[in-house]
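The values are calculated or read from the model by the stated rules, or taken from the named source; none is laboratory data. All of these numbers come straight from a predicted model, not from anything done at the bench. With ideal geometry, Cβ positions are generated from the backbone for all residues, glycine too; neighbour counts draw on all protein chains shown. Accessible surface areas use protein heavy atoms only, side chains included; no ligands, DNA or RNA. Shrake-Rupley method; radii C 1.70, N 1.55, O 1.52, S 1.80 Å.
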Amino acid sequence: MDTRDKKRIEVADIFRRYGEAYRNAHPMPLNRLRAMHAIEACRTAELGGHLDRCEHCGAETPSYNSCRNRHCPKCQFLKKEQWIEARAKDLLPIPYFHVVFTIPNDLNPLVLRNQEVLYNLLFKAVSETLLELSEDPKRLGAEIGAILILHTWGQNLMDHPHIHGIVPGGGLAEGGREWKECKTRNFFIHVNVLSELFKKKFLACLKKLRKENKLIYPGAVSQLASPGAFHGFISKLYEKDWVVYCKPPFEKTENVLEYLGRYTHRIAISNHRLVKLEEDKVSFRWRDYADDNKSKIMTVTAFEFIRRLLLHILPNRFVKIRHYGLLGNRCRRQKIALCRQLLRCAENKTEEKVKETWQEALLRLTGIDAAKCPACGQRGMRTVEIIQSWRCKGPP
């Protein structure tokens, strides 16, 4: 298979060709097995589907069901649009900032072997840093909100855990009786201040987890099982600069949702970045941020590609998008209403939800019409037969 093929290469193609051999050579946890199986089966007869026929020209097209796995490159588009639509009603007519918190690379091996525990710690350290500093009267002196999104990869598909935060440029002060807004284009907390408190909070909690025996030290981090080695490891992390950066606020409030869409349901690699699969090697596009953000092509063995991709399969039921402060799930409706009252702005009107099919949702949110015939171009595709799934009941 190469770039001359009409059909573009997909992650599913790589999994179908090399997945079984990789699984035989490398035992792996159930969550990775489930994700691989889902991606391999996605939009194939294994999951069943339906046969559509055009009522104008008679053309028939089989459509197979999606796996709906959150790590699948083909199953995120509609989910992303629906999530963005749900968040539209929470937008306020104020500046929003994009803040990114990154841990030092030295921590990556330990995080990789303690994913759930240390990903949760990353959320805790970032959220507490933002909320605590924003309430400081020397900073903003108000309760803010934040949407935090976990990404675990770099452009080269290696492990690179970091948090993207979308933060409104203002918050509630005086017990909710006043709205305080950031008056400059700079974030109301300097990145150096964010970085220092983030580092202290993360490392303090990391030491606590160690004390409570909630960390494991297999393989490449086995030396950290020694108290002396762990103490030295922590000491070196305190000496490092932890990278936090903030981008300028969005010019228009409506741009926030478009921007959010780039991050909320992104996975480690999308199909359009894949270039070719030949001679048991995969080539994909990546941006080298260390070399002036240049676009390059990286080629690795198929097994190495699979290994890197599987680094980013999240633990079962792990929540990678979380809301804090004003945007916390328990109080969002009431506090957003209070913010609107203080800002003297109208509520974002959203149409009352009605039950709709995925085809109707796709057309309404994206303009893509699943009823349009690929042969004659007219709207006339109708389901004439249900294709039963032939796979055995198993992991989704």
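With all protein chains present, calculate the accessible area of residue 256 using a 1.4 Å probe and round the result to the nearest 10 Å².
Counting only protein heavy atoms, the figure is 0 Å².
Can you compute the FRET efficiency between residue 222 and residue 59 using 1/(1 + (r/R0)^6), with r the Cβ-Cβ distance and R0 = 56 Å? Round to the nearest 0.05.
Here the calculated transfer efficiency is 0.40.
Quickly estimate the mean residue ellipticity at 222 nm for the chain, helices only: each DSSP H run with n ≥ 4 gives -39500 (n - 2.57), and the total goes over all residues, rounded to 500.
So the calculated ellipticity at 222 nm is -10500 deg cm²/dmol.
Check the stretch 235-333 and count each lysine pair with an alpha-carbon distance under 22 angstrom, considering only pairs eight or more places apart or from different chains. Can you show the working numbers first?
Numbers: 247/294; 247/320; 276/294; 276/296; 281/296.
Number of lysine pairs found: 5.
If the viscosity is 0.692 mPa s and the temperature 37 °C, what translational diffusion coefficient in µm²/s does Stokes-Einstein give for the stretch 92-146 when Rh comes from Kirkwood over Cα pairs?
The calculation lands on 249 µm²/s.
Each label point is 7 Å from the Cα along the Cα-to-Cβ direction; what then is the distance between the points at residue 360 and residue 77, in nm?
Each label point lies 7 Å from its Cα, and together they span 2.1 nm.
Per residue, how much accessible area does the stretch 210-253 have with a 1.4 Å probe, in Å²?
Per-residue accessible area for the stretch 210-253 comes out at 66 Å².
What accessible area per residue comes out for the stretch 261-311, rounded to a whole number of Å², with a 1.4 Å probe? Please report the intermediate quantities before stating the final value.
Values: 2660 Å² over 51 residues.
Dividing the accessible area of the stretch 261-311 by its residue count gives 52 Å².
Dividing the Cα radius of gyration by the Kirkwood radius, what Rg/Rh value follows for the chain?
1.00
What number in nm² do you get for the stretch 184-253 if you take the convex hull of its Cα atoms and divide its surface by four?
Mean projected area for the stretch 184-253: 6.8 nm², to one decimal.
Compute the label zone of residue 105 within the stretch 287-323: residues whose backbone N is under 20 Å from the point 7 Å along Cα-to-Cβ.
Only 287-301, 304-305, 307-312 pass the distance filter.
In what order, largest first, do 136, 52 sit by accessible area if the probe radius is 1.4 Å?
Listed by decreasing accessible area, they come as 136, 52.
Of the residues 218, 227, 109, which exhibits the maximal mean-square fluctuation in a Gaussian network model of the chain defined by a 10 Å Cα contact cut-off?
Highest fluctuation among the options: 227.
Stretched out fully, how many nm does the piece from residue 236 to residue 384 gain, at 0.36 nm a residue minus the Cα gap? Before the final figure, lay out the partial values.
Details: separation 148, 0.36 × 148 = 53.28 nm, distance 6.53 nm.
That pair, residue 236 and residue 384, stretches by 46.8 nm at full extension.
Tell me, what is the 1.4 Å probe accessible area of residue 166, in Å² to the nearest 10?
Spelled out: residue 166, probe radius 1.4 Å, area about 10 Å².
What's the longest bit of the chain with no exposed chymotrypsin sites (Phe, Trp or Tyr not before Pro), using DSSP loop states and at most 14 other Cβ atoms within 10 Å as the test?
Value returned for the longest uninterrupted segment is 1-317.
Pop a pseudo-label 7 angstrom from the Cα along the beta-carbon direction at both residue 371 and residue 213 and give the gap in nm to one decimal.
6.3 nm
Rolling a 1.4 angstrom probe over the protein heavy atoms, how many square angstrom per residue are accessible across the stretch 1-159?
Result: 43 Å² of accessible area for each residue.
If you take the C-alpha gyration tensor of the stretch 55-194, multiply each eigenvalue by 5 and take the square root, what semi-axes do you get, largest first, in whole Å? Please list the in-between numbers first.
On the way: eigenvalues 262, 120, 28 Å².
Semi-axes, largest first: 36, 24, 12 Å.
Rounded to a whole number, what % of the accessible area of the chain do carbon and sulfur atoms account for, probe 1.4 Å?
Percent of accessible area from carbon and sulfur atoms in the chain: 50.
With an 8 Å cut-off on Cα pairs and a minimum separation of 6 or more residues, tell me the relative contact order of the stretch 44-104 in percent.
Values: 35 pairs, mean separation 12.1, N = 61.
With pairs under 8 Å counted, the relative contact order is 20 percent.
To the nearest 10 Å², what's residue 247's accessible area with a 1.4 Å probe?
About 70 Å², rounded to the nearest 10.
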